[in-house]
1. Would you mind checking which residues have amide H under 5 Å from ASP58's amide H? H placed 1.01 Å from N; only 5 or more apart, or other chain.
2. Residue-wise, which Karplus ³J(HN,Hα) couplings in Hz belong to region 35-51, taking 6.51 cos²θ - 1.76 cosθ + 1.60, θ = phi - 60°, and x for glycine or proline?
3. Out of residues 5 or more away from TRP15 or on other chains, whose amide H comes under 5 Å of its own, with H placed 1.01 Å from N in the peptide plane?
4. Compare the peptides 94-100, 19-25, 54-60 by average per-residue count of other Cβ atoms within 10 angstrom and give them in order, highest first.
5. Roughly to the nearest percent, how much of the accessible area of region 14-61 is carbon and sulfur, given a 1.4 Å probe?
Amino acid sequence: MNDEQEQPADEVIIWGYKYTCKKCEAHRPTRETIAAAQEDQLEHRNRTHSGMQPDLGDPVEKVELRREPPPNEPTSDLAASKEGESSGGGGWMLLVVILVIAYLASK
């Protein structure tokens, strides 16, 4: 799957890396980092191919690891409170004005 392929707006693709030996068809689990997949590659080369790269190749490829919901997506209850937070603080300003008026009226 390529980076550029379409994905639903309600999901984020988390990419991982997978090592595959094309000569002996060995596969390792998909890893979170390319470094971990390269460690699998070196370990397999050392154990199976005397430390050499197999004739048919043994690439570390970028593959889909999992899909997750987008970060910071508010739920419906939180969406209403987030809208109020983004209003510029008008509620706080009104409270300050009321307190100032009450203070001045008490003198």
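1. LYS22
2. 4, 5, 5, 5, 5, 4, 4, 5, 4, 5, 4, 5, 6, 10, 10, 6, x
3. Placed amide hydrogens put LEU65 under 5 Å from TRP15.
4. Details: 94-100: 10.3, 19-25: 15.7, 54-60: 13.9.
Taking the mean over residues of other Cβ atoms within 10 Å, the ranking is 19-25, 54-60, 94-100.
5. Numbers: 1420 of 3090 Å².
C and S fraction of accessible area: 46 percent.
The values are calculated or read from the model by the stated rules, or taken from the named source; none is laboratory data. Treat the numbers as computed from the prediction; the structure is a model and nothing was measured. Here the Cβ is made from the backbone with ideal geometry for all residues, glycine too, and neighbour counts use every protein chain on show. Ligands, DNA and RNA are stripped out before the accessible areas are found, and what is left, the full protein with its side chains, is counted by its heavy atoms. Shrake-Rupley method; radii C 1.70, N 1.55, O 1.52, S 1.80 Å.
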